[in-house]
Amino acid sequence: AAPQGPPVYVDLAYLPGSWSARTVDEEFFRRIRSLCYVVSGDDHLKEGVLRPLLDALLAGKHHWGLDIQVTLIPTFDSLVMHEWYQETHERQQELGITVLGSNSTVAMQDETFPACKVEF
């Protein structure tokens with residue numbers, strides 16, 4: 001266990017993918033308080049840990065005690081994400097959490113991929 005200390009406030013936090021995502025729990029979100037969290041990793045390993053990670057965000061944000069708007073930015077489409085969004089939408093609103101979806105695409109050289117713009 002990490003020693004107790006004050007929370008760390010950042011503008012953008014990139015959440016780990018694959019097996020490392022298992023380290024992101026409620027305590028992570030209590031201590032790492034970000035305006036935006038990026039969830040990436042469109043692979044079969046991420047699907048298995050995605051729901052606990054998203055639930056941990058709700059549980060951790062509950063303890064902030066501050067009225068800070070948080071944006072969750074998924075970089076992939078996922079059935080787990082859709083189900084979580086539908087099932088917890090009211091709770092997300094209570095806690096000031098917005099899930100950012102984007103239908104925008106960026107074309108670079110011979111590649112096209114989904115993207116969103118985040119401004120601070």
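Quick notes on this structure:
- In the set (1) modelled with pLDDT of 85 or more; (2) of a type in the set (Asp, Glu); (3) over 23 Å from Pro16 (Cβ atoms), the condition left unmet by Glu83 is number (3).
- Identity of the residue in segment 29-70, in a helix (DSSP H, G or I), touching a helix residue (DSSP H, G or I) at 6+ places or on another chain (Cβ under 6 Å) and open to solvent by 20 Å² or more (accessible area, probe 1.4 Å), that ends up modelled with the lowest pLDDT: Leu45
- Residue in segment 89-96 that is closer than 17 Å to Tyr14 by Cβ, touching a Lys or Arg at 6+ places or on another chain (Cβ under 8 Å), in a helix (DSSP H, G or I) and free of Cβ contacts under 8 Å to residues at least 40 places away in the same chain present: no
- All positions within segment 8-28 that are touching a strand residue (DSSP E or B) at 6+ places or on another chain (Cβ under 9 Å), hydrophobic (A, V, I, L, M, F, W, C) and either surrounded by fewer than 17 Cβ atoms within 10 Å (Cβ to Cβ) or assigned to a strand (DSSP E or B) (or both): Val8, Val10, Leu12, Ala13, Leu15
The values are calculated or read from the model by the stated rules, or taken from the named source; none is laboratory data. Because the structure is predicted, anything quoted here is derived from the model rather than measured. Please note: Cβ atoms are built from the backbone with ideal geometry, for glycine as well, and neighbour counts cover all protein chains shown. Protein only, heavy atoms only, side chains kept; ligands, DNA and RNA dropped before computing areas. Shrake-Rupley method; radii C 1.70, N 1.55, O 1.52, S 1.80 Å.
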